[in-house]
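Quick notes on the structure that follows.
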Amino acid sequence: MSAGMEFVLLTFMGLPLLMVLLNNLLKKEIAQKICLSLGIIAGIVQMAAAVFVFASLKAAGQTEADFSQFWDLGVGASRFSVDFFSLLVLFCIGMVITAGFLTAGKTLGDKKFNFTNLAMILLLGMNGIALVTDLFSLYVFLEITGVASFVMISLNKEGDGIEGAFKYLVMSAIATVFILGGLAFLFMQSGSLQYGDVAAALSDWQYAEQPALLIAGFVLVLVGFSIKSGVMPFHGWLPDAYQSAPAAVSVILGGIVTKMAGVYALLRLTADIFVNVPVFNQILMLLAIVSIVLGAVAAITQTDFKRILAYSSISQIGYILLGASCGSAVGLIGAMLHFFNHATFKTTLFVNSAAVEIATGTTEIEKLGGLQEKMPVTGVSSILAFLSTAGIPPLAGFWSKLLIIIAAWQTGNVFIAGLALFASIFTAAYFLRLQRCVFFGPAVEGLEDTKEVTGGVCLSSLALSAITVGFGLLFPALLLFLQGQGLI
Amino acid sequence: MGAMFGNMAAFMTGGSGVNLLWLMVVLPVALAVLAVAIPRHAFAARSACFLAATLADLLLAIALFIAKEGSMLLRWTDFEINLAFRVDPFSGAVLLALGIFAVLVAIYSVAFLRRKEKYGQFYCYYLLTLAMANGAVLADNLVVLLFFWEGLMVTLFGMLLIGDRQKPATAVKALVLNGIADLLLMLGVAATAAHAGTFMMEGISQLPIEGLGVLGFVCMMAGAVGKAGAMPFHSWIPDAADAAPLPFMAILPAAFEKILGIYLLVRITFQFYQMVPGSVMSIVVMAIGAITIVLANSMALIQKDIKRLLSYSTISQVGYMILGIGTALPVGIIGGLFHLINHVMYKCCLFLTAGSVEKQTGSTDMRYISGLGKLMPVTTVCFLTAALSISGVPPFSGFFSKELVFDAALESGMIFYIAAVLGAFLTAASFLKLGHAAYFGPLRLPEGVKTEDVKEVPGAMLLPMGILALGCLIFGVFNALPLSVIQPIAGEGYDFSGWPDNWTLVAISCAVLLLAVGNHLFGYRRTGEGLKAADHIRYAPALRTVYDCAEKRYFDPYDIIMQLIKGFAWICYGIDRAINWVYDVFAVDFVSGLSSRLRLMNNGSVGRYMAWSFLGVGFIVLLCLFLV
């Protein structure tokens, strides 16, 4: 590994810490002014670093690289590792963090300083989740992420935010108990929590001395991460938390945090650890399809912009997990790409909701209307994002959903694949309703003087929309690349 | 003259390098367009164009008749659906017949339609009909045949609409009944093509009637018989007689449709398929013929309007042709085809005489007109000749063709012979009644028509009638002339010309004719009126109810179909409403109900969320125990 790459790898862990230090060491007045720039820099540097590492790995012909943070990589030592998927995820994190900070300027007032501190710690936690290679470290970073997000949700110290944060906290605590308990059972069987060791111990789990313990182990782990990712029926906290969070926080929270804490972990578990446990996949598929359908159905009658997005997230998480649960390369790649697409379009939509909130002061869709002419950028980017969510070609969401449904079809569960396809109708239904209520038609009384939100919010909507469209158009090239890698 | 036609024939069929078969279709169409393009008030110019078109068609037809063989092929697709035309002696003769009748009726029409509205439309449809009929006869590909066949339906619909555009009931009725027949033909064409493996007619030869062939034969036969107007596709013709201009009746139901229907029937039964005498299919076809003869003649007998009576008589005469062809015996086929040509001549003539009566008196209802014989002597003579021919009086043409059919029917089964003889009796009785009521007896005219206004029709109308009446006599006395053309169609070595061989049958036929005369005299004595001479049959004990029902249209297949369709439409409406309800009401209510339920369940209570989670855990554990 080249020295340059080693240095760049350090940034994933080091840069957030550095930014927190900088933010707090600077004079308070200066920090108030530049703190958001620090966050934007961190996000952009992370994206650049992810691209750089990807290029280096590609040039070296490697698919993954292990590294540590100043300690020796001896036998049995904990270590970080990057592969293509974690790089994709790191890129997403950088993207969403940047969008969140761009949105924060107009929404947070004097909370920017605290926001920056917490967001950097959150970034650290999420990067950790992406990089770790053992279950216990995963748990540690999960907690870092969780704690940071509880505080961020209640950043405004208002009733709603505190209530939302409290629900998230309680449910996360239950999830943590489940996860820790499950890890204990797995540790009893394998004697190590390294991904590879656990996978090896589970390879012939039916013949283990006490298979019941193992089953208990993976059920607990599954439930724990399902709560964290908001899969139905463990989703109760999610809409409340999303709705009550401040605009910039809900961008980050909805765009990436719950996906990292729950969905990414579940993807890693299915891909790296529970490869030989088909039951795990079957249960996951069931949870996924329930989330897809019920999440979309529940979104149809919601009256709050952010709440619709929350239920939409539940439904889209279902798609990601459906792809992962197919146990095939196509499904996993579909899931990963949908992870990326979801981060893109859902962040766009949350940024749009933030823009609407800034411009009109509300996110109740009944009170909104006719904003298309007043806020053209927001309206158009919202249309693009929701078309992508509903899976309309040639936007990015179409391709990943297509791969997922193909993979589900290939497993032989035709009914589930059909249901997943059918749920797209509901997706289109709730987003059309949203679009019609908020953007179409004549302007509602009192909103005649609404103006487009300029600056960072607008910029991030445009950039994210460009990614959605561009990724969709260039997707065939990506498929060719994946084929060249022998992945599909 | 002969050399001229010889050269033309060579020219038409590609003998001189240029193939002009398509002119038979394109020329009438082009002149039809031209006739409509000429200004409305230039009656003479339009009529000249119209007559020129039919004459040109006749010349081309004569050339083809002389040429006997010829074909052209234009490749369109890879599926053997090519524009293919072919002439053989049979189709050449048919084209010639079409051409002759087209010219005769065209001359009559010009005189008849003088000073009438919408004559331009009539000209146009007339020429289009001619083009389509030519195309259907020339077609050497089943799809091309179907195309022209459907084209005939369109022109038929158009002609019926000329009468009264506001009340298209008759036109719709004709369209529905012909449409059903054509749909059956389409199905039959598909089945036949699948059975034979090709669409090209020249490649379809003597298929056995089995498996798919049964479907193909029966459906194509229904299409042909339906075009000819046999039962149960007949019921629009009497209605059309009330609605359409009279030349229409003379050219379409009386002439063209019979010629085309019987032409196709012969092609189907003896070229495409192999119908064996005595086979099931043969009996089916004969039964259609026999039933048509008896029922249609019974209806003809009680009509009080000349045009309606002639319409039913037209239907009944198709029965003879179908019966003759259905026997599958050479004598029957030749008799059927000979009867076809005779029928077209006398029935055309009869319709034209009815047209003359209508032109002069304004009515064809025999309750108001009577004793026209003295006022319109030439028309009366033409009528008498044609009526004698249709009744089968020797030595008129109808006698000879009917004898051939009787011969074949007797050979195939006594029941068919009895039906045919009964039909002959009823035919004779009907025409005795018609002639007696309309042309003889005391003079009676509709109100407002003065006796001095009713005089003989102009020469242009008399000429076609005269030619046709003369034809009836000539084809009877010199029956070798038409038979020499017809006999080769059935095969080599047949000769039925001259006087019939079977004297017993002739005697029976003559006895039946005398019986009809006796019956008429009996009825006339009873009521004292020619028109009511058949009333003792009309009001006979058992028949009375049946006739009452028939006059109330209880037996009209169209009305029965319409009732069925109403029921079907009602069912479809119900299904449609139900599907709509599923989409518009049920789906929406269900999804939004479920959605609101889910929304209300998320009421913000952490306890409840935890309860869900634990229920979920329980469910997963159960699932695990079940799956592992």
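According to the Kirkwood relation over distinct C-alpha pairs, the hydrodynamic radius of region B:211-304 is 14.4 Å. Stokes-Einstein, applied to the Kirkwood radius of region B:307-365 over Cα pairs at a viscosity of 1.567 mPa s and 4 °C, places its translational diffusion at 104 µm² s⁻¹. Near residue A:111: Cβ cut-off under 12 Å, other residues only, Lys/Arg at +1 and Asp/Glu at -1. The net charge is 0. Histogrammed with a bin width of 5 Å, the alpha carbon distances of region B:275-537 distribute as 1, 7, 14, 17, 18, 16, 11, 8, 5, 2, 1, 0, 0 percent, first bin at zero.
Helix A:456-484 axis versus longest C-alpha principal axis of chain A: approximately 40°, rounded to the nearest ten. The Cα atoms of region B:311-428 define a convex hull whose projected area, averaged across directions, is 7.2 nm². Over region B:513-621, all Cα pairs binned in 5 Å intervals from 0 give whole-percent P(r) values of 2, 9, 7, 8, 8, 6, 6, 5, 5, 5, 4, 4, 4, 4, 4, 4, 3, 3, 3, 3, 4, 1, listed from short to long.
Size descriptor for chain A, Kirkwood hydrodynamic radius: 22.5 Å (Cα pairs only, one decimal). Annotation: amide H of residue B:273 within the under-5 Å range of B:206, B:207, sequence separation 5 or more or interchain, hydrogens built in the peptide plane. To the nearest 10 degrees, how steeply does helix A:329-360 sit against the main Cα axis of chain A, on a 0 to 90 scale? Approximately 30 degrees, to the nearest 10.
Computed on the Cα atoms alone, the convex hull of region A:277-488 gives a volume of 104 cubic angstrom per residue. Reported to the nearest whole Å, the Cα centre-to-centre distance from region A:125-178 to region B:532-601 is 67. Taking amide H atoms as placed 1.01 Å from N in the peptide plane, the amide H of residue B:87 lies under 5 Å from those of B:70, B:71, each 5 or more residues away in sequence or on another chain. In this structure the amide hydrogen of residue B:141, modeled in the peptide plane, comes within under 5 Å of the amide hydrogens of B:84, B:201, none closer than 5 places in sequence on its chain. Annotation for residue B:279 and residue B:206: the two label points, set 7 Å from Cα along the Cα-Cβ direction, are 1.2 nm apart. Each eigenvalue of the Cα gyration tensor of the protein assembly as shown, multiplied by 5 and square-rooted, gives one semi-axis; in descending order these are 94, 31, 28 Å. How high is the FRET efficiency between residue B:75 and residue A:481 when r is their beta carbon distance and R₀ equals 45 Å, given to the nearest 0.05? E between residue B:75 and residue A:481, to the nearest 0.05, is 0.40. Stokes-Einstein, applied to the Kirkwood radius of region A:216-272 over Cα pairs at a viscosity of 0.692 mPa s and 37 °C, places its translational diffusion at 278 µm² s⁻¹. Region A:102-193: percent of C-alpha pairs farther apart than 23 Å? So the portion of pairs separated by more than 23 Å is 35 percent.
Per residue, chain A reaches -25000 deg cm²/dmol at 222 nm when only DSSP H runs of four or more residues are counted, each adding -39500 (n - 2.57). Can you pick out the pairs among B:433/B:566; B:227/B:374; A:33/A:157; A:28/A:306 whose Cα atoms lie more than 29 Å from each other? Pairs exceeding 29 Å: B:433/B:566; B:227/B:374; A:28/A:306. Measuring nothing but how far apart in sequence close Cα pairs (under 8 Å, 6+ apart) lie, relative to its length, chain B scores a relative contact order of 11 percent.
Ordering B:513, B:498, B:534 by the projection of their Cα atoms onto the charge dipole of region B:275-537, which places +1 on the Cβ of Lys and Arg and -1 on the Cβ of Asp and Glu, puts B:534 at the extreme positive end.
The Cα-based radius of gyration and maximum Cα-Cα distance (Dmax) for region B:469-578 are 24.7, 70 Å. Spatial offset of region A:415-469 relative to region B:375-437 amounts to 84 Å, using the alpha carbon center of each.
Taking 27 Å as the cut-off for C-alpha to C-alpha distance, list the pairs among B:173/B:258; A:27/A:451; A:112/A:167; A:259/A:367 that go past it. Beyond 27 Å: A:27/A:451; A:259/A:367. Normalising by residue count, chain B has a Cα convex hull of 253 Å³ per residue. For region B:362-377, backbone phi angles converted through the Karplus equation (6.51, -1.76, 1.60; θ = phi - 60°) give residue-by-residue couplings of x, 8, 10, 7, 6, 6, 10, 10, 6, x, 7, x, 6, 7, 10, x Hz, Gly and Pro being listed as x.
Coordinate-derived values only; no laboratory data. Remember, it's a predicted structure, so these values are computed and weren't measured experimentally. Counting neighbours? That spans all protein chains shown, and the Cβs are built from the backbone with ideal geometry, glycine included.
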